[in-house]
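Below is one structure; the comments refer to it alone.
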Amino acid sequence: MLRDALTPELLAQMQKLDNATQQLSRDQAQQSLKDLQAMQEKLREQLEKSAEMLKRAALEGAMQTLKDEAKEIAQKDRSLADSAAAKQNEEQKADAKQLADRSQRFADELKKLQDRLEKEKADAGATGTQEAKKHADASQDAMRQAAGQQSDKNKQQAGKEGNQQQPQAGQPQSGQQNQSGSQQNQPGGQQNKQGDQQRSGQQGQQGSTEQNARDAAQQMDRAADAMKDARESQVNQWKSELTNALDQSIQDMLQMARQEQQLEQKARSGESKPDDLRGEQSAVKQGLDNTAQKLQKEGQKTSLLSGRSQRSVAEAQQKVSEAMQSTAEARSGQQAASSLGEAADALNRAAASLARDREKANSSSSATGFAEMLQQLQDMAKKQGSINAQAQGLLPGMGQQQMSGQMQATARALAREQRQVASQLDELGENVGGDRAAQMAKEAKQLAEALEGGRLDASTVARQQQLFRRLLDAGRSLQKDEREDTNKREATSAKGGNEFNPANTNATGRAAAKFREPTWEELRGLTADERRAILEYFKRINAGNP
C-alpha cells in the first residue's frame with residue numbers, strides 16, 4: 001500500500017513544491033501546498049478504504065484457509081485409521097503423534113482467528129470459529145489416545161485427582177497404615193487382579209488406534225463444517241449491512257428525486273415563493289449529503305459499491321447544489337425549474353446505479369468483493385492475451401505496406417474489445433486498484449486508439465504484451481501474503497556455530513532418512529494446494545521414493 005501511495009502525480013507535486021521553495025516563490029509554494037494537500041486527502045481516503053476492505057478480506061480468507069486445513073487433517077486421520085485397521089505398529093503411533101501435534105497447532109490458529117474476529121466485532125464468524133475449536137480439541141484428544149499419549153486435558157484432570165488423594169497435613173494416618181498393611185497381607189492373586197484391572201482401564205481410556213483415528217477424523221470434519229458455516233454466516237452478516245444501506249440509500253434517492261420534480265413544477269407554475277423553494281431545496285441538499293456520507297462509509301469496507309455509483313452520487317450532489325444556488329439567487333422560474341429538473345434526473349441515475357450494485361452484492365460470494373476482483377483480473381488477463389494473439393496475426397507481412405480492408409475491420413473489432421478492458425480497469429481503479437489500475441487503463445485506451453487507427457506494428461504488439469504481463473502480475477500481487485516484502489532472495493555468509501545436524505543422525509536404516517515435515521506456522525502463508533504439494537513431497541522423500 002505504501003509503494004502504491006507514491007503515485008507519479010504525488011511525486012510531481014512534491015517536486016514542484018521543492019522547486020518553488022528553492023526559488024523562494026511564496027505564491028507558487030502556497031499553491032503547491034494546496035495541491036499537495038488535496039492529493040494527500042484523496043490518497044488518505046483511498047488507503048483507509050483499502051485497509052478496511054483488505055482487513056475483512058483477510059478474515060474471509062483465513063476462515064476459508066482453516067476450513068481447507070481441517071479437511072486435510074481429517075483426510076490424514078482417515079488414512080491412518082485405514083492403515084491401522086490392517087496392522088498396528090509403532091510407526092503408526094508416531095504418525096498419530098504428528099497428527100495430534102498438527103491438530104493442536106490448528107486449534108491454536110483457530111483461537112487466534114477467533115480473537116481477531118471478536119476484535120473486529122464479527123460476532124457470527126467468532127461464534128462459528130469457537131465451535132470449530134471445540135471439535136478441533138476433541139480431534140486432538142482422540143489422536144493423542146491413538147498415539148498412546150495423554151492429552152493436556154487428561155493430564156490436568158489426573159493431576160487434580162492426585163492432589164485430592166494425598167492426605168492433608170496433621171490428619172491421622174493410622175487407619176490408612178492399617179489398611180495398607182492388610183493389603184500387603186492379601187494373597188498374590190489379589191495383586192494380579194488389580195494389575196489386570198489397571199491395564200484394562202488404560203486400554204479402555206486409550207482405545208484402539210483405528211477407532212481413535214476415526215473419531216479424530218469425524219471431529220475434524222465437524223470442525224471444517226463449522227468453519228464453512230462461520231464464513232458463510234459472517235459474509236452474510238457483512239453483506240446484510242451493505243444491502244440494507246443500499247436499500248435505504250436507493251429509497252432516499254428516489255424520494256428526493258420526486259421532491260425535486262415537485263419543486264420543478266412549482267417553479268414553472270410560480271405557485272411557491274422563492275423563499276419556500278429555497279427552504280425545501282435546502283432540505284433536499286442536506287438529506288443527500290447525509291446519504292452520500294453513509295455510502296462513503298460503506299464504500300470503505302467493500303469493493304461491491306462501484307466507482308460508477310460513487311461518481312453518480314457525486315454528480316447528483318453537484319446538480320442539487322447548482323439547483324440550490326439557482327433558487328437562492330432568485331432567478332427566473334424557468335431557470336430554477338431547469339436546474340431542479342437536472343437534479344431530479346441525476347438523483348434517478350444515482351438510484352439506478354446503486355440498484356445495480358445492490359443486485360451484484362446480493363449474488364456475490366464474498367462481502368468485500370475481493371475474490372470477484374481477483375477473478376476479474378484473471379478474466380481481463382485472458383481477454384488481453386486473446387487480443388494480443390489476434391493483433392499479432394494482423395501484422396503486415398514482408399513487402400506489405402498496409403493492412404487490407406478485412407484486416408482493418410478486424411483491428412477495429414479488437415479496438416472495441418481493448419476499450420472494454422480499459423473500462424473494466426477504470427472501474428477497478430475507482431475501487432481498490434488505485435493508481436496501478438488507472439495507469440493500465442490509460443495504456444489500454446491508447447492501445448485501442450492505435451488499433452482503431454490502423455497503427456499496428458511491432459511496438460504496439462510489444463506494448464500489448466507488456467500490459468498482459470502487468471495484468472497477470474497485478475492478480476498475483478493481490479494474492480501474495482503480507483509476510484513477503486520483495487521477490488529478492490538474500491544470501492548470508494556462513495558463520496561459526498551455524499552447522500545443521502539433522503535429527504536421527506545416529507540412527508540406522510529407514511529411521512535415519514526421516515525429514516521433519518513443515519509446521520502449520522511455516523505453511524500458513526500458502527494456499528491449500530501448495531501446502532498439500534509440500535507435504536506430499538516430504539512424504540515421498542521420507543518413504544525413500546522422491
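Quick check: is even one residue across segment 257-264 among the small types (Gly, Ala, Ser), part of a helix (DSSP H, G or I) and without any contact (Cβ under 8 Å) to a residue 24 or more places away in the chain? Within segment 257-264 (the criterion being among the small types (Gly, Ala, Ser), part of a helix (DSSP H, G or I) and without any contact (Cβ under 8 Å) to a residue 24 or more places away in the chain), the answer is no, since none of the residues qualifies. Just a yes or no: is a residue in segment 257-270 closer than 16 Å to residue 355 by Cα and in the same structural domain as residue 359 (by TED's automatic domain parsing)? Scanning segment 257-270 turns up at least one residue that is closer than 16 Å to residue 355 by Cα and in the same structural domain as residue 359 (by TED's automatic domain parsing).
The values are calculated or read from the model by the stated rules, or taken from the named source; none is laboratory data. Here the structure is a predicted model, which is why all the values come from computation and not from measurement. Cβ atoms come from the backbone with ideal geometry, glycine included; neighbour counts cover every protein chain shown.
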